[in-house]
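Have a look at the structure below before the remarks.
The values are calculated or read from the model by the stated rules, or taken from the named source; none is laboratory data. Everything numeric here is computed off the predicted structure, so don't read it as measured data. In this analysis, Cβ positions are derived from the backbone assuming ideal geometry, glycine residues included, and neighbour counts consider all displayed protein chains. Surface accessibility is based on the protein's heavy atoms, side chains included, excluding ligands, DNA and RNA. Shrake-Rupley method; radii C 1.70, N 1.55, O 1.52, S 1.80 Å.
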Amino acid sequence: MTMLPSPRRFTSDAATGAAYDHGAHVVEWTPAGHAPVLWMSGASRFDMASAIRGGVPICLPWFGAGRSLDLAPAHGFARIRTWFVSEATTTPAGTTVRYNLELAPSEVFPHSLNAEYLVVFGTELALELTVTNPGTDAFTIEEALHTYIAVGDIHSVVVSGLDGCAYLDKAPEAPATAVVQQGDIVFTDETDRVYSSTGDVVITDPLLKRRIIVSKTNSANTVVWNPWIAKAAAMPDFGDDEWTGMLCVEGANALGDAITVEPGASHTMSYRLRVEAL
Ligand code: BG6
């Protein structure tokens, strides 16, 4: 198995960060004066065939097993391809890194697709994913910036901003129909939900004494995921006891909100994180 080379590391007055060309995968963002914001599994694989567990996986051109529920690899192949770095610029305000990927038609996704991913490691982490259709036929994609946030203890974390939003519950034994969020989210079991939401979400973490604000544009869905005990134990690249220290709050366009990109057209989704001390 070919192991990944070391990640690129970026340091400015505003933040430190790191990313692998494999998947254009951001694995660290630490704004000055704060603890690291992103979570990484100690059991992650770092080989060419695997997705990295933690940081910000890019799900593209489908989410999960896709709308047909039978696509592989899970979350599409962009997170296990090598992206090309076309720019890396550091100023005191932060580092900007531009990644590009050209996907050739394949059996499972028979279209050419170009992706550009702009990452700014600054006082905010700013992520912008642009998908362009260079071909002559329209295609439809799902996409997600599958951000893993480090938390003190998931039992004490509160997520606000999704009150009144409908969601599809993907957790075991959940109802098959959409339900509506009542109030804030607290975590007491496996949580795997695709919300219809474009607004800001706030993660309040009393143990780490911080609040993390997630903002998005052109993203119809916010996915909230914590695997809890059994699913964590079932994942070989996820430590059995690590689930208490993480939470995914993802910007996405998935399921009924998949995006059709016409020939010659582009679609851009952005996702930003900022941190405030409590
Ligand atoms: C989430 C999905 O986005 O990603 C979950 O909603 C899934 O269902 C999780 O388990 C992790 O996926 P993977 O493929 O990285 O193990």
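Could you say which residue among Leu255, Leu278 is touching a Lys or Arg at 6+ places or on another chain (Cβ under 9 Å) and exposed (fewer than 14 other Cβ atoms within 10 Å of the Cβ)?
Leu278
Taking the criterion of being part of a strand (DSSP E or B) and more than 22 Å from the chain's Cα centre (by Cα), would at least one residue in the stretch 147-165 satisfy it?
no
Tyr99 versus (1) away from the ligand (no atom under 11 Å from the Cβ); (2) without any contact (Cβ under 8 Å) to a residue 60 or more places away in the chain: which is the lone unmet condition?
(2)
For Asn253, are the conditions met, namely being on the phi > 0 side of the Ramachandran plot, at pLDDT 95 or above, of a type outside the set (Lys, Arg) and more than 11 Å from the ligand (Cβ to nearest atom)?
no
Filter the stretch 194-226 for residues that are among the small types (Gly, Ala, Ser) and either within 12 Å of the ligand (Cβ to nearest atom) or in a loop (DSSP other than H, G, I, E, B) (or both); which is surrounded by the fewest Cβ atoms within 10 Å (Cβ to Cβ)?
Gly199
For the stretch 152-193, give me each residue that is open to solvent by less than 10 Å² (accessible area, probe 1.4 Å) and either touching a residue at least 60 places away in the same chain (Cβ under 8 Å) or of a type in the set (Gly, Ala, Ser) (or both).
Listed by number, the residues that qualify are Ile154, Val157, Val159, Leu162, Phe187.
Please determine, by comparing only the residues of the stretch 227-249 that are open to solvent by less than 20 Å² (accessible area, probe 1.4 Å) and closer than 21 Å to Ala35 by Cα, which one is farthest from the ligand (Cβ to nearest atom).
Ranking the candidates gives Gly245 first.
So Ala233 ticks every box in (1) under 23 Å from Gln181 (Cα atoms); (2) small (Gly, Ala, Ser); (3) not in a strand (DSSP E or B) but one. Which box is left unticked?
(1)
Before we move on, is Leu69 within 20 Å of Asn133 (Cβ to Cβ) and either more than 19 Å from the chain's Cα centre (by Cα) or open to solvent by 60 Å² or more (accessible area, probe 1.4 Å) (or both)?
Here the answer is no, as Leu69 does not meet what is asked.
Please find, among Ala88, Ala93, Ala74, the residue that is among the small types (Gly, Ala, Ser) and open to solvent by 70 Å² or more (accessible area, probe 1.4 Å).
Ala93
Any residue in the stretch 67-78 that is within 21 Å of Leu168 (Cα to Cα) and away from the ligand (no atom under 12 Å from the Cβ) sitting within a Cβ distance under 9 Å of a residue that is at pLDDT 95 or above and not charged (D, E, K, R)? List the pairs, counting only those 6 or more apart or interchain.
Sorted first by the residue in the stretch 67-78, then by its partner, the pairs are Arg67/Thr140; Arg67/Ala254; Arg67/Leu255; Arg67/Gly256; Arg67/Ala258; Ser68/Trp62.
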